[in-house]
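Every number in this text was worked out from the coordinates using simple rules, so none of it is lab data. Please read these numbers as outputs of a predicted model, since none were measured by experiment. For neighbour counting, all protein chains shown are included, and Cβ atoms are generated from backbone atoms with ideal geometry for every residue, glycine included.
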Amino acid sequence: MYIRRITLEDGVVELFDATVAQPPLKVRLEQLQASVRNVLVPAPTGKSEFDLGGTLKGVRQDGRVKIGGWAEVATKDLSVKMELRDMDLVALQPYLGAASEARVQRGVLDLDLQSDVRHNRLRGPGKATLADLEFAPTGALKETFTGVPRSAVLS
C-alpha cells in the first residue's frame, strides 16, 4: 500500500524527558504543522519525506522549530535539516549541563543543524548562536557553562 501524505494541522505534542530531570522535564510544542509523504507500507523501501514546524513553549519566550528531510527505513539512511529560532535558554536549562554548572537567567538560542546518515555514517555540521545570555548571580569562582569556564563564556 502506498500512502501519499499524512498530515497534522494545528496539533499539540507534549514530551516528557526523564533523562535530564526528575520529575521529567515537559517540552511542549504547539501550533504543530507536520506531514509525511510517500510512505510505502509494509515494505520499508523508498524515501519517505517529512516536515514539521511549530512553536516550542518557553519560560520567558516561545521559540520556533522547523525540521524537514527524508528517511529510508530499509537502508537506515536519512537527511534532516533542523532550524531552531529564538529558543528560550531558561526552558532548555536541563540540557545545558550538570546541576553544578552556572544557571541561565535569560538567553536565546538559534540553531541550524544538517544531519545526514549514509551507509551507517553520521555527518552533522551545525551552527549555534547564543544571544542575550545572562547567568544567575553566584558566589562560585570556578563555575562553568556547558563545561566552559563562566568567565570565558561571558567574554
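Numbers for the structure displayed
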quantity	calculated
C-alpha center-to-center spacing [the range 72-94, the range 1-43] in angstrom	12 Å
Nearby lysines by direct alpha-carbon distance to K26 (threshold 18 angstrom, same-chain neighbours under 8 apart not counted)	K57
Residues of type lysines that K76 reaches as a straight line, Cα spacing below 18 Å, ignoring anything fewer than 8 places off in the same chain	K47
Pairwise FRET efficiency - V20 versus A74, Cβ, R0 = 35 Å, nearest 0.05	0.60
Whole-angstrom Cα spans of the chain along principal axes, big to small	63, 35, 27
The range 2-154: relative contact order as a whole-number percent, Cα under 8 Å and 6+ apart	15 percent
Using a Förster distance of 30 Å, the FRET efficiency for R60-K81 (Cβ separation, nearest 0.05)	0.65
Size of charge dipole - the chain - debye, nearest 20, with Cβ of Lys, Arg +1 and Asp, Glu -1, no other charges	360 debye
Relative contact order for the range 41-102, counting Cα pairs under 8 Å that sit 6 or more residues apart, in percent	31 percent
Length added when fully stretched, D10-S115, from 0.36 nm per residue minus Cα-Cα	35.2 nm
Protection-proxy order for peptides 107-115, 13-21, each taking the mean of Cβ atoms within 10 Å per residue, highest first	107-115, 13-21
